[in-house]
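The values are calculated or read from the model by the stated rules, or taken from the named source; none is laboratory data. Keep in mind that this is a model prediction, so the values were computed, not measured. We place every Cβ from the backbone using ideal geometry, glycine too, and count neighbours over all the protein chains shown. Remember, those area values only see protein heavy atoms, side chains included, never the ligands or the DNA or RNA. Shrake-Rupley method; radii C 1.70, N 1.55, O 1.52, S 1.80 Å.
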Amino acid sequence: MLLAIDIGNTNLVIGCIENDQLRFKARIATDRLRTSDQYGVEIKSMIEAYGVSITDVDDCIISSVVPPVFNSVKTGVIKVIGKQPMVVGPGLKTGLNIHMDVPSQVGSDRIVIAVAALAEYSAPLILMDLGTATTIEVVEPDNVYMGGIIFPGVRVSLDALTSRTAQLPGISLDKPKNVIGKNTVDCMRSGMMYGTAAMLDGLIDRIEEELGHPSTLIATGGLAQFITPLCKHEIILEKNLLLKGLNQIYKKNKR
């Protein structure tokens, strides 16, 4: 069984994969102050909470966009499973032809998502990950990774808005009743939710215009299930794209 871990800015997403089937998926809050022992205990407890024995874990693969946390998580995993995890980064086979100015600087999470999508869908693809940051990846035929877009995620934008405006309260990100809000909370909620959806719709139009053809649209990330239904484009929701991608990369580089 493969233990797959993606270290994000807000959460660690962990899952166990057996014969290409996801046994479970869980989240642990990313904390830069946690030690390797603490991460090890939390990962072990989470695995066992879902009915999986540590002795059943044969190997591990990790991707990370949070360098200060990576070493603690990696060391914690080694203490728990007794094996050196595979790490997503330069040198691993991905099957992608990366057309970027500095390919090594592309975030590992963006690479993982592209690999996962290509395993199930045919390019051209436009991939959206709605997490702490919202990222868009463009993948053309022949597995050509063209590049993409990065902008602040919904919660980051909301936090910035409420922290810098004295009279605007913190709100939950529920679906707005109407686009035109009738009170402060509904106005903010509409701005966050419909505003992000409209931004995605507009960017998709501009990307496809620049490419000269339509693409298959896929979204993942913690907020994708709330935002994509508000978009005018037909977007496929893939909740487990990161873990699927880690599994694919592991199989391409299995020791």
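How many residues, within the range 203-255, are open to solvent by 80 Å² or more (accessible area, probe 1.4 Å), basic (Lys, Arg), closer than 30 Å to Cys16 by Cα and not in a loop (DSSP other than H, G, I, E, B)?
2
Condition first: in contact with a Pro (Cβ under 6 Å, 6 or more places away or on another chain) and closer than 21 Å to Ser172 by Cβ. Now tell me which residues in the range 187-227 satisfy that.
Scanning the range 187-227 gives Arg189, Ser190, Met193.
Of everything in the range 192-213, what is in contact (Cβ under 8 Å) with a residue 12 or more places away in the chain and either in contact with a helix residue (DSSP H, G or I) (Cβ under 8 Å, 6 or more places away or on another chain) or at positive phi (or both)? Give them in sequence order.
Those that are in contact (Cβ under 8 Å) with a residue 12 or more places away in the chain and either in contact with a helix residue (DSSP H, G or I) (Cβ under 8 Å, 6 or more places away or on another chain) or at positive phi (or both): Met192, Met193, Tyr194, Thr196, Ala197, Leu200.
Identify, by number, the condition in (1) open to solvent by less than 50 Å² (accessible area, probe 1.4 Å); (2) at pLDDT below 95 that Arg32 doesn't meet.
Against the list (1) open to solvent by less than 50 Å² (accessible area, probe 1.4 Å); (2) at pLDDT below 95, Arg32 comes up short only on (1).
Right, Asp37: surrounded by 14 or more Cβ atoms within 10 Å (Cβ to Cβ) and of a type in the set (Asp, Glu) or not?
Judged against the criteria, Asp37 is not a match.
Keeping to the range 14-30, report how many residues are touching a Gly at 6+ places or on another chain (Cβ under 9 Å) and either charged (D, E, K, R) or touching a residue at least 40 places away in the same chain (Cβ under 8 Å) (or both).
4
Which residue, of Ile126, Ile150, Ile136, is at pLDDT 95 or above, closer than 20 Å to Leu223 by Cα and open to solvent by 60 Å² or more (accessible area, probe 1.4 Å)?
On inspection, the qualifying residue turns out to be Ile150.
Please verify whether the range 95-113 includes one or more residues that are surrounded by fewer than 16 Cβ atoms within 10 Å (Cβ to Cβ) and in contact with a helix residue (DSSP H, G or I) (Cβ under 6 Å, 6 or more places away or on another chain).
So far as the range 95-113 goes, no, none of its residues is surrounded by fewer than 16 Cβ atoms within 10 Å (Cβ to Cβ) and in contact with a helix residue (DSSP H, G or I) (Cβ under 6 Å, 6 or more places away or on another chain).
Any chance you could count how many residues in the range 50-75 are open to solvent by 60 Å² or more (accessible area, probe 1.4 Å) and of a type in the set (D, E, K, R)?
Final tally of qualifying residues: 2.
I'm told Ser163 meets every condition in (1) more than 30 Å from Ser122 (Cβ to Cβ); (2) open to solvent by less than 30 Å² (accessible area, probe 1.4 Å) except one. Can you identify the failing condition by its number?
All conditions pass for Ser163, except number (2).
Within the range 1-29, can you find the residues that are surrounded by fewer than 18 Cβ atoms within 10 Å (Cβ to Cβ) and of a type in the set (Asp, Glu)?
Glu18, Asp20
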